[in-house]
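This report refers to the structure that appears directly beneath it.
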Amino acid sequence: RTEEVRKAYPYRVIVPGRTSEGSALLSVYPLRGESSVDSRMAMPGAVADVHGRSVRFQVAHPVPPKPDSMVTWREELGRLREYAAAHAGEPTIVAGDFNASQDHAAFRDLLDTGLQDAARQTGLSRTPTWPRPAAPPLGAQIDHILLGKRLVATETSFLDFPGTDHRALIADVKLY
């Protein structure tokens, strides 16, 4: 399977780490300008060349909002907000496990930069993604694909994969 993934997604930014600390950005489009948002768990980013148009991709994975990490969680969501605000006029996708739902003010602050939630655009907001064994019908949507200018979700779906406590969120996105 690893070889299949490498063939399907020849362009990659991978930050190794234990369990949830590592992260990967896989693309069918060439990537350049690797970057990251400062966080405890890896949040890599890059710019994809999509048929001659630049689209920014940023992985999101702030720490979970537990009693001993609330300050860090807010700070890391704040750094994602700063990233989104700095690139507000560009086609930008910020996607991943935000450890936050629309009910969290820190997540809504991120949306205030102009990013749009792909699941909301397609009528599937609040579809639970975590914890997978209970979702649906219980759980919360803490995994999101947020879209910036000139990007619109045309379809979203949620998939269950073994070996993870999250449901995957997939979006078809149109670039204008």
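The values are calculated or read from the model by the stated rules, or taken from the named source; none is laboratory data. Computed from a predicted model, the values in this text were never measured in an experiment. Here the Cβ is made from the backbone with ideal geometry for all residues, glycine too, and neighbour counts use every protein chain on show. Quick note on the areas: whole protein, heavy atoms, side chains included, nothing else; ligands and nucleic acids left out. Shrake-Rupley method; radii C 1.70, N 1.55, O 1.52, S 1.80 Å.
Output the residue which, of all residues in region 38-59 that are assigned to a strand (DSSP E or B) and of a type in the set (Lys, Arg), is farthest from LEU26 (Cα to Cα). The selected residue is ARG53.
Just so you know, in region 1-50 the residues that are under 22 Å from PRO62 (Cα atoms) and among the charged types (D, E, K, R) include one that is most open to solvent (accessible area, probe 1.4 Å), and it is ARG18.
Scanning region 60-75 for residues that are of a type outside the set (Lys, Arg) and part of a loop (DSSP other than H, G, I, E, B) yields HIS61, PRO62, VAL63, PRO64, PRO65, PRO67, ASP68, SER69. Can you tell me how many residues within region 97-124 are surrounded by 18 or more Cβ atoms within 10 Å (Cβ to Cβ) and touching a strand residue (DSSP E or B) at 6+ places or on another chain (Cβ under 6 Å)? Total meeting the criteria: 9. Taking region 125-153 as the range and being open to solvent by 60 Å² or more (accessible area, probe 1.4 Å) and among the hydrophobic types (A, V, I, L, M, F, W, C) as the test, the residues that pass are TRP130, LEU138.
So which of VAL59, VAL71, VAL63, VAL37 ends up being at pLDDT 95 or above, over 15 Å from the mean Cα position of the chain (by Cα), of a type in the set (Val, Ile, Thr) and on the phi < 0 side of the Ramachandran plot? Even if it seems obvious, please write down each step before you answer.
Numbers: VAL59 fails: over 15 Å from the mean Cα position of the chain (by Cα); VAL63 fails: over 15 Å from the mean Cα position of the chain (by Cα); VAL37 fails: over 15 Å from the mean Cα position of the chain (by Cα).
Residue meeting the stated conditions: VAL71.
From ALA106, ALA88, grab the single residue that is small (Gly, Ala, Ser) and in contact with a Ser or Thr (Cβ under 9 Å, 6 or more places away or on another chain).
Working: ALA106 fails: in contact with a Ser or Thr (Cβ under 9 Å, 6 or more places away or on another chain).
When all the criteria are applied, what remains is ALA88.
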